[in-house]
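Asker: Okay, here's the structure, questions in a sec.
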């Protein structure tokens with residue numbers, strides 16, 4: 001039997017986006033669902049046909065194979081089409097929520113464990129600490145396990161009781177036609193137990209706000225916007241779920257003398273006309289100490305010099321950036337009469353030499 005084109009089955013163009021595919025499939029599923037059409041084989045076949053088409057076209061990899069090689073291409077990958085209602089439950093539970101009014105789990109229980117919330121902390125550090133790294137502590141307010149009930153949520157001396165509605169399974173069974181459907185127990189919320197006598201300290205949540213000291217190790221080479229992730233230092237998880245993470249965002253304060261450009265640092269050093277003309281040796285501050293810099297004769301304003309390896313460390317590799325020194329020739333002001341005369345003599349000598 002020749003298979004129909006998947007795009008034709010769903011009534012969409014070959015360029016259709018995910019939302020359009022889902023919308024059309026939802027419409028067909030609701031119209032042709034066997035529970036809504038008992039005994040109607042044509043409706044059931046159309047339902048299965050649409051489910052297979054949506055499974056392929058909603059999967060980017062399968063859709064690419066189908067677009068290029070058709071049904072035969074999918075067959076070569078091991079795809080065998082519609083494999084029964086279990087596949088529909090696992091892949092399209094959100095669509096069946098529209099059909100039944102609740103999510104279906106096909107007899108499988110759903111864990112109530114959830115990861116805790118992630119936390120953010122903004123930290124200012126100095127330019128120097130950004131260059132050389134820093135070990136420091138921060139105080140963080142977050143939700144932790146209640147010390148009174150050890151996280152059970154029950155008052156001391158008591159324990160959560162087994163839910164009578166679901167007998168501790170966390171799921172209740174509902175029947176709809178030939179389907180047997182498990183849904184979350186409305187009484188215990190899927191936990192299988194409920195708290196009859198809540199802990200006074202945490203009101204039954206099993207959590208309390210505490211301030212915890214967290215140690216940070218900041219590597220050299222970070223910059224504003226760098227982010228540290230500390231796994232498990234976020235808020236406590238729900239019902240045995242893992243803790244969230246802590247994200248520390250760094251803000252580097254500006255330096256009064258240095259500027260940063262990638263991993264290089266830049267500074268500007270004033271020199272006199274005499275030093276620029278005759279040459280000199282000057283001392284230049286670096287991040288760690290001072291370095292001597294030789295100014296050649298005839299140095300022009302804005303001339304750049306470079307100290308290799310005196311910049312920031314490379315955060316994700318070995319080595320350091322450089323320190324770039326820009327010299328700024330200072331023009332004297334408020335000259336004395338003697339200085340003016342000497343400069344005029346210099347100008348005459350320069351003109352004569354030319």
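Asker: Being more than 39 Å from the chain's Cα centre (by Cα) and modelled with pLDDT of 80 or more is the filter here; which residues of the range 174-196 pass it?
Answerer: 196
Asker: Can you list the helices (runs of 4 or more DSSP H) found entirely within the range 1-91 that contain at least 1 residues being at pLDDT 80 or above and within 38 Å of the chain's Cα centre (by Cα)?
Answerer: The qualifying helices (runs of 4 or more DSSP H) are 6-10, 18-32, 41-57, 60-76.
Asker: Give me the residue from the range 151-164 that is in contact (Cβ under 8 Å) with a residue 40 or more places away in the chain and assigned to a loop (DSSP other than H, G, I, E, B) and, out of that set, surrounded by the most Cβ atoms within 10 Å (Cβ to Cβ).
Answerer: Per the stated criteria, the residue is 153.
Asker: Shifting gears a bit: Is there a residue being part of a loop (DSSP other than H, G, I, E, B) and either out of contact with any helix residue (DSSP H, G or I) (no Cβ under 7 Å at 6 or more places or on another chain) or over 30 Å from residue 258 (Cα atoms) (or both) anywhere in the range 208-217?
Answerer: no
Asker: Still on this structure, I have one more. Just one of the numbered conditions (1) at pLDDT 60 or above; (2) closer than 30 Å to residue 30 by Cα; (3) not in a helix (DSSP H, G or I) is not true of residue 109; which one?
Answerer: If we test residue 109 against (1) at pLDDT 60 or above; (2) closer than 30 Å to residue 30 by Cα; (3) not in a helix (DSSP H, G or I), just (1) comes out false.
The values are calculated or read from the model by the stated rules, or taken from the named source; none is laboratory data. Predicted model, so just to flag it, every value in this text is computed and none were measured. Please note: Cβ atoms are built from the backbone with ideal geometry, for glycine as well, and neighbour counts cover all protein chains shown.
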